[in-house]
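What follows is calculated from the coordinates using simple rules that are stated; it is not laboratory data. Just so you know, these numbers come straight off a predicted model, no measurement behind them. We place every Cβ from the backbone using ideal geometry, glycine too, and count neighbours over all the protein chains shown.
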Amino acid sequence: MTNAVEISQLRKEYKSFTLENISLNVPEGIIMGFIGPNGAGKTTTIKIMMDMIKPKAGTVKIFGLEHRKHSKEIKKRIGYVGEDQFFYGDKTVAWTGKFVSEFYDNWDTNTFQRLLTEFAISRTKKTRELSKGMKVRLSMALALAHDPELMVLDEPTAGLDPVIRRDILERFRAFAEDGRKSVLISSHITDDITRIADCVTFLVEGQIVLSEAKDELLSKWKRIHYKEGALDEKIVKTLTSRKAHMFAHSGVTNDYPSLKGILAEGIAKDAIKIENVNLDDVLISLVKGV
Amino acid sequence: MWNIIKRNINSFAIYLTVVFIFTGFIAISLNNELKVGYVIISGFLVILQVVGGTFINEQYEEKHKGYVFLSILPVTEREIVAAKFLLALITNVIFVGFLVLLFSLSPSPPEEIALAQSFVLFMGIVSLALAGLSYTGIFSIGYTKFAVIILSFLVALGLIPMLIMKSYQGRMDVLADQILEFYAGLNWWIIIPVTLIAYFGLMALSVRIKSYRNLV
């Protein structure tokens with residue numbers, strides 16, 4: 001499988017924050033969720049990919065091309081939707097579409113018009129009159145109208161209501177359905193990633209701490225509830241997000257398959273219970289540790 | 001690049017239309033006779049048209065975060081900056097060319113025509129330099145900071161004519177003669193190419209500055 005994005009040993013330093021040794025591949029046809037708390041470095045990584053900021057070290061290849069040398073060519077093949085949308089506010093939606101269309105060789109006006117209709121965006125409205133949700137939809141229409149091979153989405157659903165969020169996520173899911181197109185979506189709303197991503201990468205304090213196929217990850221990460229003494233102390237020490245309750249204890253393991261056999265007896269005696277975790281739990285475990 | 005020029009052309013077009021109408025009105029009312037006031041106002045309109053257009057455009061970009069919008073589109077910093085510089089150059093050439101042509105049709109004596117043409121050409125050079133320096137300054141420190149600095153500079157610049165007048169007190173004829181000599185002695189075969197080279201040099205510098213600022 002070829003990679004749409006290959007990031008290797010990326011480094012960027014700021015006064016109060018450093019993005020360190022980021023290496024990440026986004027294979028073709030995959031939706032990669034990029035999860036991390038606010039300030040973890042997700043936007044910085046994406047801005048480097050989009051050649052909006054310069055890395056201190058490391059390489060970024062998109063479609064096999066070095067991203068800084070081939071910035072223009074790469075951007076023609078990328079659809080980008082950011083957390084904040086910037087348009088010329090006094091211009092209409094139609095003008096904005098026309099303006100953006102002139103930068104792309106394979107712009108499809110029919111697709112753009114169809115998306116505007118589907119998103120119920122008035123062509124004659126000025127962009128400053130659009131709500132946050134409508135601006136995101138306009139960004140999507142602009143990003144999709146040139147038939148990109150890769151969508152780069154930086155917190156696209158932040159600040160949106162659940163109905164619009166769901167609709168937007170379904171569009172991204174549909175985009176990658178043909179197996180050729182890829183999506184890199186960053187979010188701190190893990191529900192969004194759970195809904196659409198095939199793979200997830202966790203970024204914490206400027207470092208990638210985990211990158212794996214989502215289903216595999218969720219099959220490995222489990223919460224174990226156990227009664228006092230039911231679990232070997234060595235295993236207890238490996239658990240994260242540990243909590244002690246009056247009648248039982250709990251903690252999260254990232255290696256459930258190898259513990260499964262050991263825990264079987266306890267499960268049978270009802271002294272141990274296994275609970276599925278979600279990506280939020282994984283993120284919290286990664287951020288807070290024990 | 002042309003779509004950025006098209007996006008930016010409105011503000012220059014507005015200024016261009018205003019100065020065309022204004023100059024045309026003066027020309028008609030004076031029968032195109034090259035009175036000193038007419039020539040001086042025309043010259044300053046060249047500066048107003050180019051520098052005014054530049055500032056209006058950059059204020060617009062800042063207000064709408066236009067450069068952030070452009071940064072996600074497949075366009076290079078070089079193309080963005082080149083579009084800005086080219087537009088200022090084109091509108092400058094159009095208006096200065098119009099004035100040179102208009103003055104050439106004047107019934108005034110040929111030496112006065114040549115002097116008036118020399119004056120507006122000089123103002124064209126000054127306005128081009130100001131536009132180039134303004135873009136370089138704006139791309140270096142941002143529109144708002146630069147606008148504050150340039151405003152203070154203009155206030156200071158306003159004092160210069162008063163200082164000159166004071167130093168020439170009682171000898172205004174000497175000052176006038178010196179100014180006339182200055183404009184009559186300008187060698188356009190050297191000044192225009194040198195100005196264009198300097199202007200495109202500022203453009204290259206602006207590309208470097210803008211790329212560096214955006215990528216830090």
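Hydrophobic long helices, here whole DSSP H runs in chain B with Kyte-Doolittle means of at least -0.5 and Cα atoms spread over 30 Å or more along the helix axis, are found at B:2-29, B:36-64, B:77-104, B:110-141, B:143-167, B:188-215. Ranked by the mean number of other Cβ atoms within 10 Å per residue, highest first, peptides A:6-14, A:185-193, A:236-244 order as A:185-193, A:6-14, A:236-244. Beyond 31 Å in Cα-Cα separation lie the following of the pairs A:Lys15/B:Lys6; A:Lys12/A:Lys125; A:Lys75/B:Lys84; A:Lys61/A:Lys214: A:Lys15/B:Lys6; A:Lys12/A:Lys125. Mean sequence separation of contacting Cα pairs (under 8 Å, at least six apart), scaled by the length of chain B, corresponds to a relative contact order of 28 percent. The equivalent ellipsoid of the stretch B:2-215 has semi-axes of 34, 20, 16 Å, largest first, where each one is the square root of 5 times an eigenvalue of the Cα gyration tensor. Per residue, the convex hull around the alpha carbon atoms of the stretch A:221-288 comes to 80 Å³. Could you tell me the center-to-center distance, by alpha carbons, between the stretch A:131-171 and the stretch B:1-77 in angstrom? Centre-to-centre distance over Cα atoms comes out at 37 Å.
Using Cα atoms only, what is the angle between the long axis of helix A:162-175 and the major principal axis of chain A, expressed in degrees (0 to 90) to the nearest 10? Between the helix axis and the principal axis of chain A, the angle is about 80 degrees. Exposure proxy shown here: for A:Ser285, A:Ser16, A:Ser250, the number of other Cβ atoms within 10 Å sets the order, fewest to most, as A:Ser16, A:Ser250, A:Ser285. Convex hull volume of the Cα atoms of the protein assembly as shown, normalised per residue: 191 Å³. Taking every alpha-carbon pair under 8 Å whose residues sit at least 6 apart, the stretch A:221-288 reaches a relative contact order of 45 percent. Divided by 2.2 N^0.38 Å, where N counts the residues, the Cα radius of gyration of the stretch B:71-180 comes to 1.44. Would you please state the base-10 log of I(q)/I(0) at q = 0.12, 0.22 1/Å for the stretch A:124-239, with intensities from the Debye formula using one equal scatterer on every alpha carbon? Log10 I(q)/I(0), no solvent term: -0.58, -1.32.
Separation of the stretch B:178-216 and the stretch A:4-77, taken as the distance between their Cα centroids, equals 38 angstrom.
Residues of A:93-103, mean number of Cβ from any other protein chain within 10 Å of their own Cβ, rounded to a whole number? Show your work: numbers first, answer last.
Values: counts 0, 0, 1, 1, 0, 2, 6, 5, 1, 7, 8.
The mean count of partner-chain Cβ atoms within 10 Å per residue comes to 3.
Across all C-alpha atoms in chain A, the radius of gyration and Dmax reach 21.8, 69 Å.
Other residues with beta-carbon under 10 Å from the beta-carbon of A:Leu169 carry, at +1 per Lys or Arg and -1 per Asp or Glu, a net charge of +1. In chain A, Cα pairs under 8 Å separated by at least six residues give a relative contact order of 21 percent. Based on the Kirkwood radius over alpha-carbon pairs, what value in µm²/s does the Stokes-Einstein equation return for the translational diffusion coefficient of the stretch B:1-120 at 4 °C and 1.567 mPa s? Translational diffusion coefficient: 83 µm²/s.
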